[in-house]
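> One structure, as C-alpha cells, below. Some questions next.
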Amino acid sequence: IGALALAGLPPTDGCASKDLILERVWSSPLGGGWLWVAGLLGVFLTGLYTFRMVFLTFFGPEKQAPELKSSGRMNLPLIVLATLCILAAGINLPAALGGKSWLTNYLHQALPAMPGHGENSVPALALEGASVFASLLGVLVAWIVTRGAPELVRNLWQRSPVPQLHR
C-alpha cells in the first residue's frame, strides 16, 4: 500500500494528491505545459524506482535470510498508516469523480483561491489519466528491468553509448 501511495496509484490518497498538484501546475499561470510534463516525468520515475525496490526486495533473489519476524510494535504503525492512506482516498473519492468532497469544500473555504485558477481547456479526468498512465508505465519498466527481461536490458545497456559515457 505504501508503494502504491508513493507511486500515486489508486486506490490510495497518493493518487489524489499527485493529481491535484499536477492539475494545479497545468492550470496555473505560473505553471503550464512544460512544467506539467516535468511533473509527469517525476511521476514516471517515482513509479519506476519505487516498484524496482518492491520487485527486488520481495520478488528478487534472496541474499540473506531474515533474522526476525516483525513485532506488533512494527506492524501496528504500518497497519494504521495503510488504513489511513486508503480511508483518505475514500474521503476524497467524490472529488476524484468530478464532484467535491466535504474535505475539498472545507479547504476551498479555508484557503485563499489560487490566482488564475479556473476552468481550463483540458478536462481534469484527462490530466488524471495521463498521470496514472505515467506511473503505471514506470511500474511496467521496473518489472521489465527486474523480473521480465533483465538479460535483454543488460545487453541493451552494454551496447548503448552509456558505458562509453560512464568511462
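> Measure off 7 Å from each Cα along the Cα-to-Cβ vector at Leu81 and Gln164, then give the distance between these two points in nanometres to one decimal.
Output for this residue pair reads 4.5 nm.
> What's the extension gain from Leu68 to Phe133 if we count 0.36 nm per residue and subtract their Cα-Cα distance?
Taking Leu68 through Phe133 to full extension adds about 19.6 nm, to one decimal.
> Okay, next question. Only loop residues by DSSP count here, and only those with at most 14 other Cβ atoms within 10 Å; note down the trypsin sites (Lys or Arg not before Pro) in segment 1-89 that meet that.
Listed in order of number, the matching sites are Lys63, Lys69.
> Using square roots of five times the C-alpha gyration tensor eigenvalues, list the equivalent-ellipsoid semi-axes of segment 1-79 in whole Å, biggest first.
Taking √(5λ) for each Cα gyration eigenvalue gives 34, 16, 8 Å.
> Kindly sort Leu35, Leu127 by accessible area of their heavy atoms, largest first, with the probe set to 1.4 Å. Walk me through the numbers before you get to the answer.
On the way: Leu35 95, Leu127 10 Å².
Correct descending sequence by accessible area is Leu35, Leu127.
The values are calculated or read from the model by the stated rules, or taken from the named source; none is laboratory data. Everything numeric in this text was worked out from a predicted model, so none of it was measured. When we count neighbours, we look across all protein chains shown, and the Cβ atoms used for this are built from the backbone with ideal geometry, even at glycine. SASA here: full protein model, heavy atoms, side chains in, ligands and nucleic acids out. Shrake-Rupley method; radii C 1.70, N 1.55, O 1.52, S 1.80 Å.
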